[in-house]
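Structure first, then comments.
Every number in this text was worked out from the coordinates using simple rules, so none of it is lab data. These figures come from a predicted structure and were not determined experimentally. Glycine also receives a Cβ, built like all others from the backbone with ideal geometry; neighbour counts cover every protein chain displayed.
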Amino acid sequence: MTQDSPFTSERPLRVAVIGSGPSGIYSAESLIKQTEVPTEVDIYDRLPTPYGLVRYGVAPDHLTIKSVTKAFEKTLNDDRVRFLGNVELGRDLSREQLLEHYDAVIYAVGASSDRRLGIPGEDLEGSISATEFVAWYNGHPDAATRNLDLSRVEGVAVIGVGNVALDVSRILAKTADELHTSDIAGHALDMLRGSGVRDVYVMGRRGPAQAKFTTKELREFGELDAANVRLRPEEIQVSEAEEAAITDNVVKKNLEVLRGFGELEARDVPRTVHFRFLVSPTEILGDEQGRVRAIRVEKNRLTESGGAEGTGEFEELPVQLVLRSVGYKGVPLPGVPFDERAGTITNEGGRVTGGAGEYTAGWIKRGPSGVIGTNRKCAADTVNLLLQDASSGALPPRAGSREALDAQLAQLPVYTFEDWQVLDQHEQASGGAAGRPRHKVVHLEEMLTHRRG
Ligand code: NAP
């Protein structure tokens, strides 16, 4: 395979990976796991911190999922891999500069925006995307200064029934004591301690058999200290014919768990999570100050093809916060071909369409689906194509020298992996002192003060 490869240990294949979330780090892992094409990898991230959605997306009370960072650390500690944090493509570095110095570039920037509902009232104060809410409670520097007042909120509508909807609903339903052992950002924990939330409505436009969430995540609602679960029996009814046609085990188990919720005794606790199905939001209603006061929903019926169809019957729910959790959406990168409708970089199996040694992996390649591990195979598929191209001579070495590259990097405000390790230690030590797994530093300027030597 390497017969025609122009890359040697003296002049290895130089790859830039943009984004240090799971798909970026798995791309680097795949590149260094093979030995046929000697390779060096630089992983860029616009934030000083690595791990993308593992730090800023995964729910703070799902710490076991975050233990994947142990494997990521191994990759970032490899001599052939460098982490170049705090460098933003388009701000500190152009696509042209990358293409001058690297033989190949892999865009693995994820899907940082969100889909909208397209209904009146969506921009009222108190109507935000779950993406923003997640970024806020996970201490993302872009959301750390967001002023979210939960003390006046009693009712919350969460639109969508995927795992993100379950994450945000669970965080709102948990007590501060339950969240103390999570790595939720300090400002969010303080706000949730004074939360007025009593009712959380999780709403699916189709039936329970069409919900996207997974069973383990659903079960957690039966184990909450201070929240009951409530369902409407008619909304979780599935016809015999529909039930017989279900082949997906996750769907079968979800239905079992939901039916089990229906049989739980109501406890004397302050909160209720209402699972609602076959309802679509049609309007978010505001008060005189332009703040959310209610949401109007239309009841649906399921069509033969599994879609949702309005019945013309409406209902109004008193809520002061609406979190739309209807999926993430990718954002274009300057100069890189983009499919606006899909919200992904235009690509064929990971090769950027018409690109110049450009590839893509993860959510920005295939859309926002799957769990963290899904990105490992996705990244490996992209890297296989890249290595095929490197070996076949389709990826000629770029003229730029290593010295020229390093001179370029010296101009950038780089935060290294060693710097991150200092910050990581600091966060764990300051969290540990308060009996918490970590205390996240949420302001960019403060992050940058924690550096090696
Ligand atoms: P998702 O799984 O695609 O769910 C999106 C939900 O939004 C669906 O229920 C969808 O309903 C609904 N929706 C879309 N447009 C709508 C509209 N206009 N009105 C009402 N509802 C609408 O997306 P996600 O929850 O953002 O999750 C993204 C990925 O991350 C998923 O693969 C998820 O499993 C993963 N994730 C995993 C975990 C975990 O493993 N613990 C945690 C978080 C996220 P329809 O089906 O009717 O379109």
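Between Arg291 and Glu403, the C-beta separation translates, for a Förster distance of 56 Å, into a calculated FRET efficiency of about 0.45.
Beta bridges from DSSP with both residues in the chain: antiparallel share about 35 percent, rounded to the nearest 5. Return the loop-located trypsin sites (Lys or Arg not before Pro) in the range 418-453 (DSSP other than H, G, I, E, B) with at most 16 other Cβ atoms within 10 Å of their own Cβ; answer none if there are none. Passing both the DSSP loop test and the Cβ count: Arg451, Arg452. Sparse packing (at most 16 other Cβ atoms within 10 Å of the Cβ) combined with a DSSP loop state is found for the following GluC sites (Glu not before Pro) in the range 201-266: Glu263, Glu265. For the chain, rounded, prolate or oblate, judged on the Cα gyration tensor with a ≥ b ≥ c (square roots of eigenvalues), a/c < 1.5 rounded, else prolate if a/b > b/c? Prolate, since a/c reaches 1.5 and a/b exceeds b/c. The H on the amide N of Asp114, modeled in the peptide plane, is under 5 Å from the matching H of Lys329, each at least 5 residues off or on a different chain. Assuming charge only on the beta carbon of Lys and Arg (+1) and of Asp and Glu (-1), the dipole of the range 231-318 about its Cα centre is about 360 debye to the nearest 20. Cross-link reach is defined here as a Cα-Cα straight distance under 12 Å, omitting same-chain residues fewer than 8 places apart; for Lys329 the aspartates and glutamates meeting it are Asp114, Asp339, Glu340. Estimated purely from DSSP H runs of n ≥ 4, each contributing -39500 (n - 2.57), the mean residue ellipticity at 222 nm for the chain is -9000 deg cm²/dmol once divided by its residues.
For a test of the definition: using alpha carbon positions, the gyration tensor, and the 1.5 limit on a/c, classify the range 233-355 as rounded, prolate or oblate. Taking the square roots of the gyration eigenvalues as a ≥ b ≥ c, the range 233-355 is oblate. Its relative contact order, with pairs defined as Cα atoms under 8 Å and 6+ residues apart, puts the chain at 23 percent.
Among the listed pairs Lys253/Lys377; Lys66/Lys253; Lys74/Lys212; Lys74/Lys253, give every one whose C-alpha distance is greater than 29 Å. Long pairs (Cα-Cα over 29 Å): Lys74/Lys212; Lys74/Lys253.
Using Cβ point charges alone (K and R +1, D and E -1), the dipole size of the range 354-453 about the Cα centre works out to roughly 380 debye. All C-alpha to C-alpha distances of the range 1-112, sorted into 5 Å bins beginning at zero, yield P(r) values of 2, 12, 22, 22, 18, 12, 7, 4, 1, 0 percent in whole numbers. The simple spin-label model puts a point 7 Å past each Cα toward its Cβ; for Lys253 and Ser94 those points are separated by 5.1 nm. Annotation: for a label point projected 7 angstrom from Cα along Cα→Cβ of Gln428, residues of the range 53-74 with backbone N closer than 11 Å are 70. Can you tell me how the range 336-444 classifies by the Cα gyration tensor, rounded, prolate or oblate, using a/c under 1.5 as the rounded cut? Note, shape of the range 336-444 comes out oblate. Spatially, the range 225-293 and the range 190-210 are offset by 10 Å when compared through their Cα centroids. Taking 0.36 nm per residue of sequence separation and removing the Cα-Cα distance, the Glu154/Gln421 pair yields an extension gain of 92.1 nm.
Assuming R0 = 30 Å, can you tell me the calculated FRET efficiency for the pair Ala241 and Phe314, based on Cβ-Cβ distance, to the nearest 0.05? Efficiency, from the Cβ-Cβ distance: 0.55. Given R0 = 35 Å, the distance between the Cβ atoms of Arg11 and His62 translates into a calculated FRET efficiency of 0.20.
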